[in-house]
1. Among (1) touching a Ser or Thr at 6+ places or on another chain (Cβ under 9 Å); (2) surrounded by fewer than 21 Cβ atoms within 10 Å (Cβ to Cβ), there is one condition Ser362 misses while meeting the rest; what is its number?
2. Could you tell me which of the residues Trp359, Trp267 is within 30 Å of Ser216 (Cα to Cα) and of a type in the set (Phe, Trp, Tyr)?
3. Find all pairs meeting these conditions: Cβ atoms under 8 angstrom apart; at least six residues apart or on different chains; first residue within the stretch 329-352 and at positive phi; second residue basic (Lys, Arg).
4. Name the single residue that is farthest from the ligand (Cβ to nearest atom) among those in the stretch 193-240 being open to solvent by 40 Å² or more (accessible area, probe 1.4 Å) and among the small types (Gly, Ala, Ser).
5. Can you find a residue that is within 16 Å of the ligand (Cβ to nearest atom) and open to solvent by 70 Å² or more (accessible area, probe 1.4 Å) anywhere in the stretch 271-278?
6. Pairs needed: first member in the stretch 295-308, within 12 Å of Leu62 (Cα to Cα) and assigned to a helix (DSSP H, G or I); second member anywhere, at pLDDT 95 or above and within 11 Å of the ligand (Cβ to nearest atom); C-beta distance under 7 Å; at least 6 residues apart or different chains.
7. Of the numbered conditions (1) farther than 21 Å from Ser233 by Cβ; (2) among the small types (Gly, Ala, Ser); (3) within 15 Å of the ligand (Cβ to nearest atom), Ala164 satisfies every one except a single condition; which is it?
8. What about Asp48, is it part of a loop (DSSP other than H, G, I, E, B) and open to solvent by 20 Å² or more (accessible area, probe 1.4 Å)?
Amino acid sequence: MAKCIGILTAGGDSPGLNAAIRAVGKSLLHYNIQLLGFRDGFEGLVYDKTMHLNNDDLSGILTAGGTVLGTSRTKPQKMPVGKNIMDMTDVIVENYKKHQLDALICIGGGGTHKSALKLKEKGLNIITIPKTIDNDIACTDNSIGFDTALRIATDAIDSLHSTASSHKRIMLVEIMGHRAGWLTLGAGLAGGADVILIPELPYDINNVANAILQRSREGKRFSIVPVAEGAVSKAEALLFAQAAARKEKATSKKDKEKSKIELENLWLARTGNTLRIAQKLEELTGQETRVTILGYLQRGGKPSPSDRILATKLGNACVDLIRKRQFGYMVASKGQDIEPVPIEEVAGKLKLVPQDHPWIKSARETGISFGV
Ligand code: F6P
């Protein structure tokens, strides 16, 4: 029977992380199994920064945003140590053994799943819980934090309507989501947007302007345009596709690294994209345009009821797997059920919005333009 389980939260924080930690801890208590927290993501495992999570520590955290454990984007396999980047996975293995852990639960998104796979390959008993406001984790319908962020972004769009209408403006609202458009599409659909720009459907700025001008001809006084932080124009999409193809073809380590840097630079060059779109739209339409960047507000504050329920179900499912000694899985949300999915099937994959997704179809049928 298991005696002690480790837990950490890694990557960007998400509302609902504490609800998951609490659910794991409370479920383990039933079986007299201890929970040991590691601080600040994988850093805690490398530097042995721990936090006891007894019954009292688990009280009062269900509704709190952020993570009581702290988090970081540090990858154990590529960790900055002084001036060097080092593989610290062996140090993690030592600390795992030192604490006599029976399993380690890693709560995180895309990056966390890659790191978790490395630790699984080192022979550790790993279970992961999917969390990210971006909703881009493969093999799961949903991830902790998405619903809360969706509400925050939708509320923001709701609020923009009255000021947009009063001033007869085009209102751009930049929404997070990394390379995926789930949050922007969902909030745009729920908030009654007029044009939605997402990475999965590269836009042509002239088509965006034409959709707005058409609205003006129909007597509409304003336009609401949610823009995903990863939205790309058709020209940019081509550059990304060409760089990705070069990365795919690269055979030597040097060429692979070079094309990876090329892709990262292309991504960085897009900083300020929403502001540039606004400027261009003002030029093309002659209409006053304003930008709101929601930023970290989308990740802050208390989790929604759905996220609390999801986090609790996923936390409980982890403990079921531990009791059955089934390790090496992500607990995935599939409809109303939770199913284990091998970490290999999740790591390194990205769940983007499929072009034929029902949300895209609904948006089109209600007259929303994607500027394609
Ligand atoms: O992955 C969650 C997320 O909020 C993305 O939407 C965003 O691109 C990124 O994190 C921001 O990262 P950081 O917290 O490192 O600035």
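The values are calculated or read from the model by the stated rules, or taken from the named source; none is laboratory data. What you see is a predicted model; the values in this text were computed from it and never measured. FYI the Cβ positions are ideal-geometry reconstructions off the backbone, even for glycines, and counts take in every protein chain you see. Heavy atoms of the whole protein, side chains included, go into the accessibility calculation; ligands, DNA and RNA do not. Shrake-Rupley method; radii C 1.70, N 1.55, O 1.52, S 1.80 Å.
1. (1)
2. Numbers: Trp267 fails: within 30 Å of Ser216 (Cα to Cα).
The unique qualifying residue is Trp359.
3. Gly348/Lys114
4. My answer is Gly219.
5. Of all residues in the stretch 271-278, those within 16 Å of the ligand (Cβ to nearest atom) come to 271-274.
Narrowing the set further to residues that are open to solvent by 70 Å² or more (accessible area, probe 1.4 Å) leaves 271.
Yes, the stretch 271-278 has at least one match.
6. Asp307/Gly145
7. It is condition (3) that Ala164 fails.
8. Details: part of a loop (DSSP other than H, G, I, E, B): yes; open to solvent by 20 Å² or more (accessible area, probe 1.4 Å): yes.
Answer is yes for this residue.
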